[in-house]
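Trainee: Dropping a structure here in structure tokens format, bear with me for questions.
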Amino acid sequence: MRNMAKEKQFLTVIEAAKAMGVTRAAIYKKMKNGQIPFEKVYGHFLIPAEGVEGGAMRGLTEEGKAEIDQGVAKAMKEYGETLKLLGKE
């Protein structure tokens, strides 16, 4: 796949989704949550290509990883024995 981010200054939601390998809904959700910068021009959402290229939409932040680790630890503490029993079935 060619690198759309290098060819254009802005990407549409569809182009950004293809470049990131996610759905359009995921892109809209990230836009709503402030994770992806965008501009609205004549009713169209445009995403700076540098955001896609720079990885602003990729992967987890260290904070995000820490949240996941905390959630897993909490689940294991509260449901660890039950999960072990379910794994044996």
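Trainee: What are the residue pairs meeting all of these: first residue in the range 70-81, first residue of a type in the set (S, T, N, Q), second residue part of a helix (DSSP H, G or I) and exposed (fewer than 10 other Cβ atoms within 10 Å of the Cβ), Cβ atoms under 9 Å, and 6 or more apart or on different chains?
Mentor: Partner pairs satisfying both residue conditions: none exist.
Trainee: Among the residues of the range 66-77, is any outside any helix (DSSP H, G or I) and modelled with pLDDT under 90?
Mentor: Within the range 66-77 (the criterion being outside any helix (DSSP H, G or I) and modelled with pLDDT under 90), the answer is no, since none of the residues qualifies.
Trainee: What are the residue pairs meeting all of these: first residue in the range 8-35, first residue assigned by TED's automatic domain parsing to the domain that holds residue 46, second residue among the β-branched types (Val, Ile, Thr) and modelled with pLDDT under 90, Cβ atoms under 7 Å, and 6 or more apart or on different chains?
Mentor: 11/52; 16/52; 19/52; 20/52; 27/36; 30/36
Trainee: Quick one: residue 30 ticks every box in (1) within 13 Å of the chain's Cα centre (by Cα); (2) surrounded by 10 or more Cβ atoms within 10 Å (Cβ to Cβ); (3) modelled with pLDDT under 80; (4) not hydrophobic (A, V, I, L, M, F, W, C) bar one, so which box is it?
Mentor: Checking residue 30 against (1) within 13 Å of the chain's Cα centre (by Cα); (2) surrounded by 10 or more Cβ atoms within 10 Å (Cβ to Cβ); (3) modelled with pLDDT under 80; (4) not hydrophobic (A, V, I, L, M, F, W, C), the one that fails is (3).
The values are calculated or read from the model by the stated rules, or taken from the named source; none is laboratory data. Every value quoted in this text rests on a predicted model; they were computed, and no experiment measured them. Note that each Cβ is placed from the backbone with ideal geometry, even for glycine, and that neighbours are counted across all protein chains shown.
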